Amino acid sequence: MYDSPDSTDDDPSESTECTVERPAIPAQALASALGATLGPNGLDKMLIDREGTVVVTNTGATVLESLDVDDPVARIVRDAVLAHAHRTGDGTTTTALVLGELLSEAERLADQGLHPNVIIDGYAVALAAARDALRELATPVETSERETLRRIASTAITGKWDATATARFATLTVDALRSVDFDTSRLTMHAYPGATLADSEQIGGILVDTELSSTEIEARQTDGYRTRTDPTLAFVDGEIGLPETDGSETVTVQDAGELQSVQEYEQQLRDDLRRAVVDLDVDVLVCRRSIDDGIRTGLEKAGVLPVERTRRDEFAAIARAAGATSVLSATELTHEALGTAEAVRHRPVGDRNAVVFSGLPFEDHVSLVLRGGTQHVADETERIVEDCIAAVQHAAHDGGVVPGGGAGMASIARTVADRADRGGRRTALAVDAFADAVTVVPRTLARNAGLDPIDAMAALRNRHHEGDSAVGVDRSGTLCDMREAGVVEPVTVPMRCLETAFETASLLLGIDERLAATSGTDPDAVSHGGHDHANHAHGSDNSGTSGYPWALSH
Ligand code: ADP
Ligand code: MG
């Protein structure tokens, strides 16, 4: 199907290294590579990078991010889909599939002599109809509907884990969101390796990882340090130490007496800084930057728990919630600037150290501690939970939910096809093509569930014709009412999938030809990579109509 890549006559005898062939990935391969990961029966992809690192994932965005894409059209497709993923958090594979179909359909229409502008017009009419269809299909969701929110969360993460883990994370996410009234600025997440997914938990308060700082809680495991009840908190948004020298200065001392006075002066400064904290009866000192070793030891001896190098967002959140005002230097601390909490306790997470600030009087906070066997698994878990949170947020605040499992897209296809007669005859062809393109979602779900996609689509179309607008393909491959099956997704997700697919298709269809630009990277890569190359392959007499610059198969 594809032309074999030009052999770049590297003398094979020169290198005895074993390398993996990495051909450029054209846009079509990109869409079909993702198709098999769609939905609850989607399979994982194994990604192997140049260093041989292996990553197994089911997330469309992770696959796309790691792909080596050389083809310029494929690159535009990938970047648009990734931008959608970052903005919306879900629907990555769906966007890539629909976009791929819109471009294939456009190629077919252009072969029939339709001008790209007519195709774009038709797609725009279809998108407007699709938007209406989605709004009509949507049902609102209240933040009090815990069960519905759990279903939304489950649908968003289906296929990533087994059913038990999916249910567990859906509950964890929804409960965490509910306990902060859906205000994610009061929700912190940390991913730690060294335990199983099932060990992930929600804890009340803000968890601060102290591993990055030299706050060595291990060294002070007396009971007094393990939990501080009703502590007074101070916040210093800077460094606590002696005035910095820029490193180029050398202090030259003439004799032992002078050295002693320098040391005494420094000791005096340290004492002043320590006393500024201790005299205010501070129990926990939270510092944005580092604390000088001598001062830290002095503070610890006086019973103060120093927490240094705190992440900026956590520092601000704790100070706000504790009712404290942060100051730039320890000497500026006053009683008015201090805050309180119910408890600050040391809490090891796996082999790492953390401190939890709980019972903060001005804001309720919740932390999610996500676990996985390796850092990669823990990080991937964090990402999936972030997407899950985004899905619940969209549904609760942004227009409600529509049935998933391809039901929404099948329903859209019907409405769009009904509108085809509103434009001109030629535009109607493009409107119909859009309707066909969106059915790629139920079709792919059916195929991934082991059904014959043509039979399944015929049956699905009949059910929708009879007015069952919520019928889709469930996990077992049965056509059933998706609302009843509990498969619902935020209306925002399919809406944005279609918008991104439309915008990107329009952008690519508007391209007349590829020209090699003089600035930037190797211009040959552009001019030889696609259009010309395809014309060579089809024979030189085939120059006029074939080889659209945006076409997928080039
Ligand atoms: P995307 O990257 O597009 O989100 P996914 O692999 O997450 O791709 O699959 C999403 C699709 O799977 C959506 O169309 C969604 O409705 C569907 N889906 C999710 N859970 C189920 C389920 N339990 N049964 C049927 N379809 C489901
Ligand atoms: Mg998804």
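Note on region 142-194: among residues that are in a loop (DSSP other than H, G, I, E, B) and of a type in the set (D, E), the one that is modelled with the lowest pLDDT is D162.
Of the set (1) at pLDDT 95 or above; (2) on the phi > 0 side of the Ramachandran plot, all apply to G486 but (1). Can you confirm whether R320 is basic (K, R), open to solvent by 50 Å² or more (accessible area, probe 1.4 Å), at pLDDT 90 or above and within 30 Å of the chain's Cα centre (by Cα)? So R320 fits the description; yes. Entry remark, region 44-77: residues being among the β-branched types (V, I, T) and within 14 Å of ligand 2 (Cβ to nearest atom) number 4 in total. Only residues that are touching a residue at least 12 places away in the same chain (Cβ under 8 Å) and at positive phi were counted in region 28-52, giving 1. The residue that is nearest to L498 (Cα to Cα), counting only those in region 53-93 that are without any contact (Cβ under 8 Å) to a residue 40 or more places away in the chain and in contact with a strand residue (DSSP E or B) (Cβ under 9 Å, 6 or more places away or on another chain), is V63. Restricting A96, A126, A80, A110 to those that are more than 16 Å from ligand 2 (Cβ to nearest atom) and surrounded by 24 or more Cβ atoms within 10 Å (Cβ to Cβ) reduces the list to A126. Residue count for region 448-491 under the criterion of being surrounded by fewer than 19 Cβ atoms within 10 Å (Cβ to Cβ) and among the hydroxyl-bearing types (S, T, Y): the result is 2. Within region 264-289, the set of residues being buried (at least 16 other Cβ atoms within 10 Å of the Cβ), part of a loop (DSSP other than H, G, I, E, B) and within 39 Å of the chain's Cα centre (by Cα) comprises D283, R288. Residues in region 218-263 that are surrounded by fewer than 11 Cβ atoms within 10 Å (Cβ to Cβ) and charged (D, E, K, R) were compared, and the one that is modelled with the lowest pLDDT is D223.
Residue-wise test of (1) open to solvent by 10 Å² or more (accessible area, probe 1.4 Å); (2) within 12 Å of ligand 1 (Cβ to nearest atom); (3) over 23 Å from E484 (Cβ atoms).
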{"position": "L370", "(1), (2), (3)": "no, no, yes"}
{"position": "T374", "(1), (2), (3)": "yes, no, yes"}
{"position": "E382", "(1), (2), (3)": "yes, no, yes"}
{"position": "H394", "(1), (2), (3)": "yes, no, no"}
{"position": "P403", "(1), (2), (3)": "no, yes, no"}
{"position": "R419", "(1), (2), (3)": "yes, no, yes"}
{"position": "V431", "(1), (2), (3)": "no, no, yes"}
{"position": "A446", "(1), (2), (3)": "no, yes, no"}
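Being among the small types (G, A, S), modelled with pLDDT under 95 and in contact with a helix residue (DSSP H, G or I) (Cβ under 8 Å, 6 or more places away or on another chain) is the filter; apply it to region 445-483 and report the residue that is farthest from ligand 2 (Cβ to nearest atom). Ranking the candidates gives S469 first.
So that you can scan it fast, the table gives a plain yes or no per residue for (1) touching a helix residue (DSSP H, G or I) at 6+ places or on another chain (Cβ under 8 Å); (2) under 30 Å from V487 (Cα atoms); (3) at pLDDT 75 or above; (4) open to solvent by less than 90 Å² (accessible area, probe 1.4 Å):
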residue: D10; (1), (2), (3), (4): no, no, no, no
residue: E14; (1), (2), (3), (4): no, no, no, no
residue: C18; (1), (2), (3), (4): no, no, no, no
residue: P23; (1), (2), (3), (4): no, no, no, yes
residue: Q28; (1), (2), (3), (4): yes, yes, no, yes
residue: L34; (1), (2), (3), (4): yes, yes, yes, yes
residue: D49; (1), (2), (3), (4): yes, no, no, yes
residue: V54; (1), (2), (3), (4): no, no, yes, yes
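Residues considered: E363, E314. Of these, the only one that is in a loop (DSSP other than H, G, I, E, B) and under 30 Å from E386 (Cβ atoms) is E363. Scanning for something touching a Pro at 6+ places or on another chain (Cβ under 8 Å), on the phi > 0 side of the Ramachandran plot and not aliphatic (A, V, I, L, M), does region 161-182 turn up at least one residue? No, that holds for no residue.
Of the residues screened, E314 is one that is acidic (D, E) and crowded, with 19+ Cβ neighbours inside 10 Å.
The values are calculated or read from the model by the stated rules, or taken from the named source; none is laboratory data. Treat the numbers as computed from the prediction; the structure is a model and nothing was measured. Note: ideal-geometry Cβ built from the backbone for every residue, glycine included; neighbour counts use all protein chains shown. For the accessible areas, the whole protein counts, side chains as well, though only heavy atoms, and no ligand, DNA or RNA atoms are used. Shrake-Rupley method; radii C 1.70, N 1.55, O 1.52, S 1.80 Å.
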